[in-house]
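**Q** If you scroll down you'll find the structure; I have some questions about it.
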Amino acid sequence: AALIGGPPCETFSAVRWLPGGPPPLRGRSDPWGLPSVTGRQRLQLEVGNSLLQATYTLLSALTVVGGSGLVEHPARPRRCPDCAPSWDLPVPRLLAKSPAADYVEFDQCMLGQVGRAPTGLLALRLPQVREAVDSLPNCGRCNHGPRHHAPLTGKDPAAGARRTAPKKIYPQEMCKLIAKALLTSLAARV
């Protein structure tokens, strides 16, 4: 009846192309993984690819049977010509053309995330998602001003982890937005 998918996105992150960030694993001409990637990072790519494909297989099935759902992944990077956004892969591009689908972008900081976190949602039969994003200040785009958010490159010495780690957790207000849209959609079918 419904799907919420957020396959691992760290291998698609534009932060990988910034100085001080983790190494790039994908490129515009190699969206499934750079040939030079080996070892643990190759495994990370393969797991991410498998989960992404499974998510889109399920969303495609919901398109056919009349279900609702959404997939979350980083938004298309605005200033990274070498990045490989997952939204440019063939299946999400095809799904986005469905009259039942809507692609919306926003910055998670507008919902409480620690960094800007530009995000894309491909929503299937969930018009409430766009309505909720459009109702946010600045239509969901960061209005915090330059240098408001701490840089996400490098490691946080206190935590011993990359500064991108907190972005892996959806902010509570984003979870509420998604849950409300999905519950509204499911209630309309009863």
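The values are calculated or read from the model by the stated rules, or taken from the named source; none is laboratory data. Just so it is clear, the model here is predicted, and its values are computed rather than measured. Quick reminder, even Gly has a Cβ in these numbers, built from the backbone with ideal geometry, and neighbours come from all protein chains shown. These area figures cover heavy atoms from the full protein model, side chains too; ligands, DNA and RNA do not enter into them. Shrake-Rupley method; radii C 1.70, N 1.55, O 1.52, S 1.80 Å.
**Q** Would you work out which of H73, G48, W17 lies farthest towards the positive end of the dipole of the range 1-117? Charges go on Cβ: Lys and Arg +1, Asp and Glu -1.
**A** The Cα lying farthest towards the positive end belongs to W17.
**Q** Could you grab the relative contact order for the range 1-54? Cα pairs under 8 Å, six or more apart, rounded to a whole percent.
**A** Reported relative contact order: 34 percent.
**Q** Still on this model: For the full complex of protein chains and a 1.4 angstrom probe, list W32, W87 by accessible area with the highest value first.
**A** If we order W32, W87 from most to least accessible, we get W32, W87.
**Q** So for the chain, taking the charge dipole from beta-carbon charges (+1 Lys/Arg, -1 Asp/Glu), which of Y103, N138, L121 sits furthest toward the positive end?
**A** N138
**Q** For the range 22-33, take each phi angle, set θ = phi - 60°, evaluate the Karplus expression 6.51 cos²θ - 1.76 cosθ + 1.60, and give the result in whole Hz per residue in order, putting x for glycine and proline.
**A** x, x, x, 10, 10, x, 3, 8, 9, x, 8, x
**Q** Now for a separate question. Which of (1) -0.28, -0.42, -0.81; (2) -0.50, -0.70, -1.05; (3) -0.34, -0.51, -0.94 is the computed log10 I(q)/I(0) by the Debye sum over Cα atoms at q = 0.09, 0.11, 0.15 Å⁻¹ for the structure on display?
**A** (3)
**Q** Here is a follow-up. Over the range 1-152, calculate the relative contact order: mean separation of alpha carbon pairs under 8 Å at least 6 apart, over the residue count, as a percent.
**A** Over the range 1-152, the number comes to 24 percent.
**Q** Based on Cβ point charges of +1 for Lys and Arg and -1 for Asp and Glu, what charge dipole magnitude is obtained for the chain about its Cα centre, in debye rounded to the nearest 20?
**A** 300
**Q** Report, by chain and number, residues whose modeled amide H sits under 5 Å from the one on G5, excluding near sequence neighbours (fewer than 5 apart, same chain).
**A** L70, V71, E72
**Q** Quick check for the chain: number of Lys pairs with alpha-carbon distance under 23 Å, counting only pairs 8 or more apart or on different chains?
**A** Close lysine pairs found across the chain: 6.
**Q** Another question, then. Note down the accessible area of L95, probe 1.4 Å, to the nearest 10 Å².
**A** About 20 Å², rounded to the nearest 10.
**Q** Among the helices of the chain (complete DSSP H runs), which have Cα atoms covering no less than 20 Å along the helix axis and a Kyte-Doolittle mean of at least -0.5?
**A** 39-65, 172-189
**Q** A further question on this structure: For the range 47-147, what is the convex hull volume of its Cα atoms per residue in Å³?
**A** Per residue, the Cα convex hull of the range 47-147 comes to 117 Å³.
**Q** Which order do you get for V71, V190 if you rank them by accessible area with a 1.4 Å probe, largest at the top?
**A** The ranking, largest first, comes out as V190, V71.
**Q** Rounded to the nearest 10 Å², what accessible area does E105 show when all protein chains are kept and the probe is 1.4 Å?
**A** 50
**Q** Based on Cβ point charges of +1 for Lys and Arg and -1 for Asp and Glu, what charge dipole magnitude is obtained for the range 74-118 about its Cα centre, in debye rounded to the nearest 20?
**A** Dipole of the range 74-118, to the nearest 20 debye: 80 debye.
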